[in-house]
Amino acid sequence: MSIRNAAHIAGVFEHPGRHLPDHTVPGIHFEVAAGALADAGMTFADVDGYFCAGDAPGFGGLSMAEHLGLTCRHIDSTETGGSSYLVHVQHAAEAIAAGHCSVALITLAGKPRTGGAQPGGSARGASPESSFEGLFGLNVVNGYAMAARRHMHEFGTTSEQLAEIKVAASTHAQHNPNAYLPNVVTVEDVVNSPLVADPLHRLDACVITDGGGALVVVSPEIAASLDRHTVPVLGSGLAIKTAGGRIDLTHTGAVWSGPAAFSEAGITPADIKYVSIYDSFTITVLQTIEDLGFCEKGDGGRFVMEGALQAPHGRLPFNTDGGGLCNNHPANRGGMTKVVEAVRQLRGEANPAVQVPDCSIALAHGTGGSLATRMGSATLILGRES
Amino acid sequence: MPRPTDLPTPTPRSSSDDQVFWDGLAEDRLLLPRCTSCGSVFWHPRPFCPECSCTRIDWFAATGNGTIYSYSVTHKAPGNWGAHAPYVIAYVELDEGPRVMSNIVDADLDMLEVGLEVQAVFHAGADGGAVLRFTPSPG
């Protein structure tokens, strides 16, 4: 069974807030759900499938489904870190194709900037690897820094090349009134910012923001009944990369999720007009571009030079909202906003200065876990209504 | 005897799945698991082989020698590691094959590079037990 054209994204919403000290996490889930349903021209009563990940407070999806007042015949709380929401789109399309639901609501919310962690979160217990990795001062930044170091060693990638990715994101963020970092930066700004974990600088990292987002995925029949332009799901790929001790830090799960998505959609990387690429760090983008086949492995550093990623006229316009690097990385999970901006591009509703002309086909890619180690990669190919 | 260290070194959390490994470290010995069926030397320790699912596992004494696969000199860190910055986190490729996460200690930071030869050192846990770390090999 293929999910090609089995479902459409009918509504999207990105919370405009980046600093939300007076909001609760369940409250943000409600606001973004209401926003995405309103965008689709629908209501909570239309929803019959609910999807959420580990950011949702409570017991799996049950607590939030009850809190939102949903009546569901399908539920999915797949957790693959920041890529979860792209996996949810794939799973929603599968469920819709199987007749298990027809209107799927996917929500994300969190407050890493102002705290407010919810009680009663994960009951999954310590991970089996934590006894072996929790002793050495590992954190998110130095984990990704080791991937960057190895990529530099194998392929000659430079800090200046990584910085070009931040520069491109910042040129887009200047047009986004909600962006957390709206100022354009230069390569020099990035490489002269403080080293957090060598070779990654402060400006190689994404922002930390409160907020959230939501998606509404519907059957083709319901999509046809809506006034709104909807976005068909053309293909999807999912890969979990594990190592068994032979960890390698220069390849991501996109090596498998990308070809699966392209194959299902019946297209090649050359057909893509716009990409939303998960951008927790600059190195995340570089490795993903290579692994998705937009350039040869190891050539990412050269590929991103000379404005290749800058909209509207670069070779591969990316993250036109400013991405996680400059705009928003709500709940420390960037997958939701990747889908939202791809949908904006396909509807022609991106900020005008960065709208890709005739954007007919787009790719959104999510990364979860720690880059190139144990990680979940998810790729979506999205189209335009014919 | 594992040596004392200033780095944060809690007593590792062991279980019946990996007690052999931790008991080895407490005696300055790096014991690795090897599958008796497919021969894989895997990481992290567990009572079955992640390559072929075999549950007959041998433990053997590794050399403690390896090379740096990748590393990061960490300048800013949350929690109790922040006060120890700059410190070095690394993946070390053991001569026996696995790439294991650890720290590089007692090293000249300017001499660090991918491929540098390192050897095991054993750091005493706060309340017993030991943690595996690495230091540049002499010469």
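The values are calculated or read from the model by the stated rules, or taken from the named source; none is laboratory data. Just so it is clear, the model here is predicted, and its values are computed rather than measured. Cβ atoms come from the backbone with ideal geometry, glycine included; neighbour counts cover every protein chain shown. Just so you know, the surface numbers come from the protein's heavy atoms only, side chains and all, with ligands and any DNA or RNA stripped out. Shrake-Rupley method; radii C 1.70, N 1.55, O 1.52, S 1.80 Å.
Quick look at the values:
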item: Search result, residues across segment A:134-144 that are at the interface with another protein chain (Cβ under 7 Å from one of its Cβ atoms) and either among the small types (G, A, S) or within 14 Å of B:S70 (Cβ to Cβ) (or both); result: A:F136, A:G137, A:L138, A:N142
item: Any hit, segment B:69-86, residues being closer than 22 Å to A:L249 by Cα, more than 9 Å from chain A (Cβ to nearest Cβ) and not polar (S, T, N, Q); result: no
item: Unique residue being touching a strand residue (DSSP E or B) at 6+ places or on another chain (Cβ under 7 Å), assigned to a strand (DSSP E or B), hydroxyl-bearing (S, T, Y) and farther than 13 Å from A:N5 by Cβ when the list is A:S236, A:S257, A:S276; result: A:S276
item: Segment A:262-273 - residue that is outside any helix (DSSP H, G or I) and within 18 Å of the chain's Cα centre (by Cα) and, of those, surrounded by the fewest Cβ atoms within 10 Å (Cβ to Cβ); result: A:K273
item: Residue list for segment A:249-277, restricted to those being touching a Lys or Arg at 6+ places or on another chain (Cβ under 8 Å) and not hydrophobic (A, V, I, L, M, F, W, C); result: A:T250, A:H251, A:T252, A:G253, A:E264, A:G266, A:S276
item: Segment B:52-61, residues that are within 14 Å of chain A (Cβ to nearest Cβ), among the hydrophobic types (A, V, I, L, M, F, W, C) and open to solvent by 20 Å² or more (accessible area, probe 1.4 Å); result: B:C52, B:I57
item: Some residue of segment A:216-227 being outside the structural domain of A:R333 (by TED's automatic domain parsing), touching a residue at least 24 places away in the same chain (Cβ under 8 Å), of a type in the set (G, A, S) and more than 24 Å from A:A350 (Cα to Cα); result: yes
item: Subset of segment A:280-316 (residues that are in contact with a Cys (Cβ under 8 Å, 6 or more places away or on another chain) and surrounded by fewer than 22 Cβ atoms within 10 Å (Cβ to Cβ)); result: A:R302, A:F303
item: Whichever residue in segment B:93-108 is at the interface with another protein chain (Cβ under 9 Å from one of its Cβ atoms) and outside any strand (DSSP E or B) and, among such residues, is least open to solvent (accessible area, probe 1.4 Å); result: B:P98
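Residue-by-condition table, conditions (1) at pLDDT below 95; (2) among the hydrophobic types (A, V, I, L, M, F, W, C); (3) surrounded by 17 or more Cβ atoms within 10 Å (Cβ to Cβ):
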residue	(1), (2), (3)
A:R202	no, no, no
A:D210	no, no, yes
A:A214	no, yes, yes
A:S219	no, no, yes
A:A224	no, yes, no
A:V233	no, yes, yes
A:S236	no, no, yes
A:K241	yes, no, yes
A:G244	yes, no, no
